[in-house]
Amino acid sequence: MKAVHFGAGNIGRGFIGLLLSKSGYEVTFVDVNDTLVNLLQSKRQYTVTLANEQADSIVVDNVTAIDGKDQALVAEAVAEADIVTTAVGVSVLKHIAAAIAQGIELRLSRSTRPLHVIACENAIGGSTQLKNHVYDHLSAPAKEQADRSIDFPDAAVDRIVPLQQHEDPLLVTVEPFYEWTVDRSAIRGEFQEIAGVHYVDRLLPYIERKLFTVNTGHCIAAYHGYLSGYETIQEAMKDPAVVGEVRGALQESGAMLVRTYSFDEASHKQYIEQILERFINPYLTDEIARVGRSPIRKISPNDRLVRPARLAHELGIPVPHLTKTVAAALLFDESSDPESAELQAYVREHGVHAAIEKYTELPQDHALHAQIADEYAKLKEHRS
């Protein structure tokens with residue numbers, strides 16, 4: 001069995017590629033990083049270490065790589081694949097779509113074998129977004145053919161993989177916990193399940209539970225940790241004040257999730273505590289600059305802070321911790337991050353109310369807008 005995976009970075013190697021290899025797939029990574037591509041081609045294996053006391057290691061073999069800049073070569077790999085996956089970031093999906101589309105057209109010209117294309121990204125409907133980008137490059141007849149044999153099941157993925165530097169560029173360290181959930185209802189006919197993947201018939205509850213607990217909690221620790229002068233999530237999570245902000249916000253998003261999707265309340269509380277323990281993991285070093293980067297995306301209307309706050313507000317659930325974190329994100333000033341630089345420049349030129357309205361899409365007469373602005377003023381005064 002052949003798998004093509006876009007993205008040979010830490011998440012691609014330490015999570016998706018690992019599981020595909022363990023399930024018996026020959027994994028071909030697609031990447032534009034020449035160093036990673038050349039090393040994977042020559043070594044055909046790499047090591048994953050777990051961030052636990054034993055520092056367990058796993059050798060991932062039967063892998064190779066191809067240059068993502070060679071569209072014809074990538075298309076040929078897609079045409080022959082049994083599964084295609086991605087871990088490149090949502091904003092990059094549009095850039096790989098043309099090669100996938102070319103591969104699908106090649107495939108359709110040769111056979112009617114089904115193909116599953118799964119975008120493993122931190123986003124709601126990542127595979128659906130990728131499908132839309134791919135279909136932009138397909139002819140009308142190809143779209144009709146693809147509709148009959150190419151499936152794009154959405155997925156939710158969860159594994160903390162921090163930035164890291166090793167002497168061996170292929171070595172990657174990941175936390176022991178992982179969760180990869182795939183929408184089984186979007187896959188037609190019989191298919192080979194990937195070991196370790198959880199297949200469900202209704203994915204949205206699992207996506208939002210993960211995004212509004214793991215991703216929400218992670219960025220809360222980052223933004224409040226940043227304001228307190230910490231360098232890593234692990235340092236920040238030793239501060240009771242930061243932990244209080246994280247737990248408080250996850251209780252707010254959790255109350256919304258329980259009421260919206262009928263999750264068991266006690267089980268969800270246990271899930272929150274499990275997430276908090278993962279953030280504390282002493283065998284990981286996760287930099288606040290990494291977790292907090294891209295604040296514009298993180299405070300956008302459908303992402304991890306504003307969407308749960310708005311949904312909870314509509315249910316009558318108070319959200320003081322979530323709105324305070326949006327305010328903290330507006331103060332995240334990391335010069336190496338283009339989004340942070342853009343956000344800070346916009347606030348300086350137009351004021352915080354205009355920034356809130358522009359980036360969160362909460363109008364000035366919305367109650368949450370007022371709460372964010374009030375918290376921003378308090379946090380800014382406290383810092384000065």
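The values are calculated or read from the model by the stated rules, or taken from the named source; none is laboratory data. Everything numeric here is computed off the predicted structure, so don't read it as measured data. Glycine also receives a Cβ, built like all others from the backbone with ideal geometry; neighbour counts cover every protein chain displayed. Ligands, DNA and RNA are stripped out before the accessible areas are found, and what is left, the full protein with its side chains, is counted by its heavy atoms. Shrake-Rupley method; radii C 1.70, N 1.55, O 1.52, S 1.80 Å.
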With respect to the numbered conditions (1) within 19 Å of LEU130 (Cα to Cα); (2) out of contact with any Leu (no Cβ under 9 Å at 6 or more places or on another chain); (3) of a type outside the set (S, T, N, Q); (4) surrounded by 22 or more Cβ atoms within 10 Å (Cβ to Cβ), which one is the sole condition not fulfilled by LEU18? (1)
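Consider the stretch 56-70. How many of its residues are surrounded by fewer than 16 Cβ atoms within 10 Å (Cβ to Cβ) and not in a strand (DSSP E or B)? Give the steps one after another, and end with the answer.
The first filter runs over the stretch 56-70 and keeps only residues surrounded by fewer than 16 Cβ atoms within 10 Å (Cβ to Cβ), leaving 56-59, 61-62, 69-70.
Filter once more, so that each one left must be not in a strand (DSSP E or B): 56, 62, 69-70.
Of the residues in that region, 4 qualify.
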Got at least one residue in the stretch 148-158 being touching a helix residue (DSSP H, G or I) at 6+ places or on another chain (Cβ under 8 Å), under 27 Å from ALA101 (Cα atoms) and assigned to a helix (DSSP H, G or I)? yes
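Every residue, every condition in (1) touching a residue at least 12 places away in the same chain (Cβ under 8 Å); (2) open to solvent by less than 20 Å² (accessible area, probe 1.4 Å); (3) of a type in the set (Phe, Trp, Tyr); (4) under 27 Å from ALA266 (Cα atoms), yes or no:
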site	(1), (2), (3), (4)
ALA195	yes, no, no, no
ASP201	yes, no, no, yes
GLN234	yes, no, no, yes
MET256	yes, yes, no, yes
Is it fair to say ARG107 is in contact (Cβ under 8 Å) with a residue 24 or more places away in the chain, assigned to a helix (DSSP H, G or I) and open to solvent by 30 Å² or more (accessible area, probe 1.4 Å)? no
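Scan SER91, SER111 and give me the residue that is at pLDDT below 95 and closer than 22 Å to ASP34 by Cβ. Steps first, please.
Values: SER111 fails: closer than 22 Å to ASP34 by Cβ.
Within the list SER91, SER111, the selection yields SER91.
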Near pairs, Cβ below 8 angstrom, 6+ apart or cross-chain, from the stretch 136-158 (of a type in the set (A, V, I, L, M)) to any residue that is in a strand (DSSP E or B) and surrounded by fewer than 21 Cβ atoms within 10 Å (Cβ to Cβ): ALA155/TRP180; ALA155/THR181; ALA156/GLU179; ALA156/TRP180; ALA156/THR181; VAL157/GLU179; VAL157/TRP180; VAL157/THR181
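Check GLU144, GLU167, GLU190, GLU179 and return the single one that is under 15 Å from the mean Cα position of the chain (by Cα), open to solvent by 10 Å² or more (accessible area, probe 1.4 Å), at negative phi and charged (D, E, K, R).
Numbers: GLU144 fails: under 15 Å from the mean Cα position of the chain (by Cα); GLU167 fails: under 15 Å from the mean Cα position of the chain (by Cα); GLU190 fails: under 15 Å from the mean Cα position of the chain (by Cα).
One residue alone meets the criteria, GLU179.
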Only one of (1) open to solvent by less than 30 Å² (accessible area, probe 1.4 Å); (2) under 27 Å from the mean Cα position of the chain (by Cα); (3) within 19 Å of ALA309 (Cα to Cα) is not met by ALA373, so which one is it? (2)
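Quick one: in the stretch 34-55, which of the residues that are part of a loop (DSSP other than H, G, I, E, B) and free of Cβ contacts under 8 Å to residues at least 24 places away in the same chain is least open to solvent (accessible area, probe 1.4 Å)? It would help to see each step written out before you state the result.
Step one: of the stretch 34-55, the residues part of a loop (DSSP other than H, G, I, E, B) are 44, 51-55.
Among the residues that remain, those that are also free of Cβ contacts under 8 Å to residues at least 24 places away in the same chain are: 44, 54.
On the way: ARG44: 100, GLN54: 120 Å².
So the residue we want is ARG44.
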